[in-house]
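A short worksheet on the structure shown next.
Readers should treat all values here as calculations from the given coordinates under stated rules, not as data from a laboratory. The structure presented is a predicted model; accordingly, all values stated were derived computationally and were not measured. Note that we place each Cβ from the backbone using ideal geometry, even for glycine, and neighbour counts take in every protein chain shown.
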Amino acid sequence: MAAYVGCVVWQNYGRKYNPEAVIDQPAAAPEVVAAVPPAPAGNFAPEGVYFLLERVSVMTDSGVIGDPPGTKVTLVKAGPPMRVTDGKNEFDVTPAQVTNDLDAATRVFYADQAALAQINSMNAMRAQQAREASKQHEAESKAWTAQQLARAAATPTPTSSSFGALDQGAQAVNQPGVGGGYRSRIH
């Protein structure tokens with residue numbers, strides 16, 4: 001018996017090959033198997049439950065709050081944009097900002113926590129460096145002040161006799177009526 005599947009295929013069970021017989025026979029209908037989508041691989045949240053994939057800013061009556069990645073939100077109204085609630089506030093998100101894949105939500109949550117820990121560590125390191133720099137600046141300032149005081153103590157203080165004629169001339173100028181003193185006019 002022969003069957004047609006895209007090309008002439010024949011089997012000879014001890015009979016002679018007859019090409020007309022193969023062509024004249026209707027092609028066997030291919031067996032149709034219903035396409036069943038495979039069960040989704042992964043761990044998904046129940047219908048209507050999503051998790052944020054990124055930090056989302058939410059305007060409230062008291063100001064702006066931020067929901068971090070991994071925050072559970074529940075669908076209030078479908079459609080672009082999706083209206084969701086975090087249990088306290090309702091806000092709009094795009095489908096790209098949420099997922100119902102629990103594994104993806106866990107990954108973004110822990111990635112955000114790791115980033116925050118790194119930022120906190122860097123801030124603590126910078127605060128420590130600032131404290132050390134402040135201590136060093138204070139020590140240098142004290143050393144400079146001590147050096148200036150030592151120089152001042154080592155330098156002799158001038159007396160009226162050390163200026164001689166200059167000092168006497170300055171005294172004469174400052175006396176009323178002498179050398180122009182208080183009554184002089186500048187033209």
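Summary table below
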read-out: Net +/- balance of residues flanking Pro81 in space, Cβ distance below 13 Å, scoring K and R +1, D and E -1; value: 0
read-out: Computed FRET value (nearest 0.05) for Ala115 with Ser57, which takes r as the C-beta separation and R₀ as 25 Å; value: 0.90
read-out: Rough spin-label spacing in nm, given labels placed 7 Å along Cα→Cβ, for Gln129 and Ala96; value: 3.5 nm
read-out: Sequence-distant residues sharing a close amide H with Val73 (under 5 Å, placed H); value: Tyr50, Phe51, Leu52
read-out: Amide H partners (placed H, <5 Å) of Phe44, local residues excluded; value: Leu102
read-out: Estimated inter-spin distance, Phe44 and Thr145, nm [label 7 Å along Cα→Cβ]; value: 7.2 nm
